[in-house]
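Taken together, the values in this text are just the output of simple stated rules run on the coordinates, not laboratory data. In this text the structure is predicted, and so the values were computed from the model without any measurement. When we count neighbours, we look across all protein chains shown, and the Cβ atoms used for this are built from the backbone with ideal geometry, even at glycine.
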């Protein structure tokens, strides 16, 4: 009884002092889940020919500003997206704001968007709440499928049939306190996506520590990449009393060492052993650091053991209502 009383007291204190930020932390869009752990394991999706992964990748879309797209007058079935190379994108950290270093991976590819989402139904898309938190964000953005590659010297071109509007937000929950974490949004698109194929989704239980995982998304708004060579790095803390409130948070997410960046928020994360959807990427370490000698920003590289990319467990998202 004494132990139970102590636990109840600790829980009360944790909730009493729980902090809550704004409805959505928009800083996550500029420095959310992003850093390199060990070797950079990002691979262009077209270079990864596994049929299961290709089917999963066909469900993944990038969020693009409506105002950055315009029709091709010579071909009504196509749209152009404003041409911005990754190497021309300004990035910042606490030290400086500068261009990316020329030797950054994918530096000459086009950077067109800022979030990732994926289909959970023919016209239902799941993403992070900080990517789709209001009617305004619904109206001002488009979701583009099959943005898999671009030619270095040309404007990015997408088929009009691959561009979808957010018709309405069906569910959105953003919560970050000392004891709770939620970051998801489910939206209804303006029409069905022909390439939709149901994913294998975890319904109960949870992934194990050190299990291998992979993610598919649009880091830095680039054409679609698959990120391999990662695993679950941390779940619950073994320090029961010291990290009591932290473990309450961890009921909703687990940590990984995925090589993910700005733009990966909302990306699906899969179990490499089973191909099952385990969760969505919601936050992580800082992505870039300033190289004073070069006068530019370069990817922060950490040990694989320091993986801090947060993945919200798919079992904590009420998908049943929308599947």
Please rank 218, 130, fewest neighbouring Cβ atoms within 10 Å first, as an exposure proxy. 130, 218
Determine, for 147, 80, the number of other Cβ atoms within 10 Å of each Cβ, and report the residues in order from fewest to most. 80, 147
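Using the beta-carbon distance between residue 190 and residue 293 and R0 = 51 Å, what value does 1/(1 + (r/R0)^6) give for FRET efficiency, to the nearest 0.05?
So, using R0 = 51 Å, E works out to roughly 0.55.
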